[in-house]
Amino acid sequence: MTKPILIMTHGMGSSTAASFNKEVVDAFQHAYNQYPSFKNKNIEELIDIEVIEYNSILEEHRQAMAEEAASVANVLAGIPGQNVTQELTTKLTQYTEKFGADTFFYTHLLDVLFYRFTVLGELCRIRVGKAIIKAVKERGAANVHILGHSLGTAVVHDALASAYSEGFDIENEITALSPEMHKLASVQLVANVSRVLELFINVDQSVVKPHTGCTFAYREYRHRYDPFTRVRPFNPPATPPGKLSPIS
């Protein structure tokens, strides 16, 4: 019997594969220990867990900015293929002056700007997409679970939207997945910001959705006081199209 796999990716900040893996596994173990039938069971005996980090892609440019004492706007403008407008450049310059040495801005919010407005975002999507396609080919889509957190929900969504698009290719190899033939076991989005960082596809019309999309199970979780998810929350329908909603 093929062992299922959980592919995870992290949110903003300086995460590593090891640190994010520990955070999630510890959370699983804490939850398991609340139930007598699962108490002291090891989650990794039941499912393989693979963390795909993209922080190293962004860190290189954060380091360059720090070493050269450059403004955020100048760093973004120096990345080939970036899409920074004059208005955005002005705002970033203001943010640089306002936040000064505030590490949260440079280790968290800057990641969002890098992902949303530069080609670094595409490198992140390709890394995550390649891992998903590899797992689907090796284990079958029904054994593949995907989890994204915070900024990672946008990376996961966009990587899947690309991977299930006709003509999608990585390294000159056509590798597009089919939502009918390669339906994933589940997609789990924690603190989903995919609508906030909407890029090339309308999230509401994306293949990454419950019922008729690329996954058998779709779950998303958000804290009611999380300011990032309150901006443009994605509220998927509770029932498939054409079916009556359950009476509460």
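No lab work stands behind these numbers, since they all come straight from the coordinates. All figures in this text were calculated on a predicted structure; none of them were measured in a lab. Counting neighbours? That spans all protein chains shown, and the Cβs are built from the backbone with ideal geometry, glycine included.
For this structure, a couple of remarks:
- Separation between Cα centres of region 206-222 and region 20-45, rounded to whole Å: 24
- Protection proxy ranking of 110-119, 137-146, 17-26 - average other beta-carbon atoms within 10 Å, highest first: 110-119, 137-146, 17-26
- Percent of Cα pairs in region 1-52 per distance bin of 5 Å, from zero to the largest separation: 4, 19, 26, 22, 16, 9, 3, 1.
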